[in-house]
Amino acid sequence: MLTIRNLYARVGDKEILKGIDLEVKAGEVHAIMGPNGSGKSTLAAVLAGREDFEVTDGSVEYLGKNLLEMEPDERAREGIFLAFQYPVEIPGVSTINFMKTAVNQVRIHRGQEPLDAVSFLQLMKEKMKLVDIDQALLSRSLNEGFSGGEKKRNEIFQMAMLEPRLAILDETDSGLDIDALKIVANGVNKLRSKDNAIIVVTHYQRLLNYIVPDFVHVLYKGRIVKSGGKELALELESKGYDWIKSEAEVA
Amino acid sequence: MAKDNDILDEITSKEYEHGWTANIEMESAPKGLNEDIIRFISAKKQEPEWLLEWRLKAYRIWKEMKEPRWANVTYPEINYQDIIYYAAPKQKASPKSLDEVDPELLRTFERLGISLTEQKRLTGVAVDAVLDSVSVATTFKEKLAELGIIFCSFSEAVREHPELVRKYLGSVVPMTDNYFAALNSAVFSDGSFCYIPKGVRCPMELSTYFRINAANTGQFERTLIVADEGSYVSYLEGCTAPMRDEHQLHAAVVEIYVMKDAHVKYSTVQNWYPGDKEGKGGIYNFVTKRALCAGENSKVSWTQVETGSAITWKYPSCILKGDNSSGEFYSVAVTNNYQQADTGTKMVHIGKNTRSRIVSKGISAGRSQNSYRGQVHILKRATNARNFSQCDSLLMGDKCGAHTFPYIDVENNTSRVEHEATTSKIGEDQIFYCMQRGIDEESAVALIVNGYAKEVLNQLPMEFAVEAQKLLALTLEGSVG
């Protein structure tokens, strides 16, 4: 589904990604871990098409297409979803209205009829259950005055509404207490299927207790320095990142 | 950020939609302004002597006045002798019914989406259509008359209801008020008149639609609304003009007289031609709008969506004279390219327990300048007066400006005045967030801007709100990119 080859990206003069290689297939869950500043969030942003980052080398192929040539909205309509680490507030625009606009643009792109108000509401009610989110919250201005947990649940709710092929969760666990974490992870697990793939970007192993990955990759100084199965996450948890760092420096 | 500005540029540079002209045979006065021109206008309209005298008096006052230059706008000097002060479509003296109206005129308004044919209008809005200086047609007159509501062109009101016109003309905006009000008083051509009798709730929206068509003409219409005790009316005003290279002057006056327990809601969607992307052409919009809450418990709400005009100079105001009266001002002003807007309100608290609320949302894009100017004046006897003001500015791109000039004068220490102001930039983050959900750039900007202006748009009558939302998006088209 996604093939990243030798990807380099920088912001301004600062090189952040220095040759990433990653292959993600349908049905897989990949965790990207690493210490702060290793480039995890940059990788997520580059895949979503954020313009602040300049790709200087390498290629990204998504469902047979050159992802790097696509605009962010085009990528989204083609099924890429990014759950933001810091969801943005849009005053005066309710989540409902926001999602209605988004879902219908995606549907039109897929050659489907836009949903009318009634069917949209039905879909929404169904997806709300996944993350235990209240309709009153969805009627409020998007993310404005939401608690940390509400914002993250709202991200997963949007993911459920848009039914992406490839979802990227950027530090979705940050700022969540254990109950909120369970709700969010539970929502994500219900969305797992053999047809879609998920990339979980996280600093801590904690989230991976609930969203169990097929592969774990450790990012350090802009490169994937170690890959393995879910046990790798546990190893990182007990040993910290220092051994990875020294291993990488030696190499 | 550069990218963000490009998006904004792209979204805000859409062409003006109503820029066409209609081929209508016109009759007009020669260029320039003097007492003879005023006599000409008055004679054309077969006005009574008192009104001619009133005009001449205003003209003499105007001649002594200086054009105000305190607004935060710049423009070359206006040559008042180079303007045509009267232009009217040639048609039979005054059509008795719609059947007598020149079909070309009806088509002109059809093109604007305003059908003057009553059976076609299902929306429950009565319209007075004003082309250049003259009222073309007023719909639903008979139906309204059954309730005692008078809704007609100003000229007709002068003929049919001289006592009402004479009593209230200039009672809210005196001819001495300001330079443009004095000019309007001297040369006003037509406009709408509306009287709602005691205890009557007007069952439909009343609306005036202004269209400038002729070149080199100024448009000086006058609207007078009188709401008798316990009455209610919701009034809408819309306007467009063709695209022309030269600037055209529009100096209107709106007076609203509100008696005890009456409530008037006045909504404007102003979409005069704003000039092209380089700032060539466009309407100079110098307008005086004021409401007098004369009686106890009276109420006035102004709602305006200002998207057009090269220059907007406009401060719809409320004189809160009656005890317990209240005034509201909700405004969205969008400027793009080289547009300049200096707009706001004045709330003058005279009576006891008077309340006012100001919500102003400015949106600047391109190289435009957008200023809020407002005054809250609480007089000595206005015990327990209250005001709340909120002035927000939204910037799109980095070449435009947003300014706020709030004046607060309080002479009574039992009053409470609150003022809040914010300035924000439309965020790259917000646009990216929308796009990441599959929403294209233009829709994203429209969504964000409409969200920002929501509190004001919510005040508009339903059918206007939809139009206003589209207009906001249209005005800003090309400002992102």
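The values are calculated or read from the model by the stated rules, or taken from the named source; none is laboratory data. These numbers come from a predicted model, not from an experiment. Using ideal geometry, Cβ is built from the backbone for each residue, glycine included, and neighbour counts are taken over all protein chains shown. Only protein heavy atoms, including side chains, enter the accessible area calculation; ligands, DNA and RNA are left aside. Shrake-Rupley method; radii C 1.70, N 1.55, O 1.52, S 1.80 Å.
When restricted to residues that are free of Cβ contacts under 8 Å to residues at least 60 places away in the same chain and not in a loop (DSSP other than H, G, I, E, B), the range A:165-185 contains 8. Somewhere in the range B:247-260, is a residue assigned to a strand (DSSP E or B), farther than 25 Å from B:Ser207 by Cβ and modelled with pLDDT under 95? The answer is yes; a qualifying residue exists. Apart from one condition, B:Glu100 fits all of (1) at pLDDT 90 or above; (2) more than 27 Å from B:Thr176 (Cβ to Cβ); the exception is (1). For A:Asp134, the conditions (1) under 20 Å from A:Leu191 (Cα atoms); (2) in contact with a Pro (Cβ under 8 Å, 6 or more places away or on another chain) all hold with the exception of (2). Of the strands (runs of 3 or more DSSP E) lying entirely inside the range A:186-251, those containing at least 2 residues that are open to solvent by 50 Å² or more (accessible area, probe 1.4 Å) span A:223-228. The residue pairs whose first member lies in the range B:444-462 and is within 18 Å of B:Glu306 (Cβ to Cβ), whose second member is at pLDDT below 90 and open to solvent by 20 Å² or more (accessible area, probe 1.4 Å), and whose beta carbons are closer than 7 Å, counting only pairs six or more residues apart or on different chains, are B:Ala446/B:Ala473; B:Asn450/B:Gln469; B:Leu457/B:Asn450; B:Leu457/B:Gln469; B:Pro461/B:Glu205. Here the range B:435-477 is the region considered, the condition is being hydrophobic (A, V, I, L, M, F, W, C) and in contact with a Pro (Cβ under 9 Å, 6 or more places away or on another chain), and the residue that is farthest from the other protein chains (Cβ to nearest Cβ) is B:Ile448. The one condition from (1) under 20 Å from the mean Cα position of the chain (by Cα); (2) small (Gly, Ala, Ser); (3) within 24 Å of B:His250 (Cα to Cα) that B:Gly327 does not meet is (3).
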